[in-house]
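Accompanying notes for the structure given below.
Here, each number is a calculation from the coordinates, and none is a lab measurement. Everything quoted here is computed from the prediction, not taken from an experiment. Don't worry about glycine lacking a Cβ; one is built from the backbone with ideal geometry, like all the others, and counts go over all protein chains shown.
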Amino acid sequence: MELEHRALWALRQLNLDTMGTCRITELKELDEFRYHAFESTRLYKERMKIIHDKNILERSFKPGDRVLLYNSRLRLFSGKLKPRWLGSFCVVEIHPTGVVEIAAENDSCTFKVNRHRLKHYLGMDNAKLVSMTHLLEPPMLNMP
């Protein structure tokens, strides 16, 4: 009986050793798979950040520039066709904290806004000249 017990114990130890090494290799493979997943995610995030940063335009304003102001309080009204940008305003002063002092073109009152709410106004500086040309009908040819 004692011999059978020792033989069973030795067999169990042998099986546990082989199963243990198999389990350890499976855990190492799982850790390696997880490492590759984290690495590919990191590389993907780096590429997306580079693409995103490439599309960001630097908005640097100078005194005298014409700008449009983003109307963030427009959400209270239901209207899809209302413009979100108000303008045009003239930049008066730029503070180092990112605050820009602007004034309406026909008003001397100035107010301060965050520079992230502004974008350059690319409209026409002077009045548009319109020339009209009247086209005459071609003379009718009398054909017999």
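Some observations on this one:
- Close amide H contacts of Thr110 (hydrogens built in the peptide plane, cut-off under 5 Å, sequence separation of 5 or more or a different chain): none are found.
- For Asp65, the residues 5 or more places off, or on other chains, whose built amide H falls under 5 Å of its own are Val91.
- Environment charge at Pro63 (Cβ cut-off 10 Å; Lys +1, Arg +1, Asp -1, Glu -1): -2
- Calculated FRET efficiency, Asn71 to Ser108, Cβ-Cβ distance, R0 = 30 Å: about 0.85 to the nearest 0.05.
- Residues Met48 and Val99, FRET efficiency given R0 of 41 Å [Cβ-Cβ distance, rounded to 0.05]: 0.85
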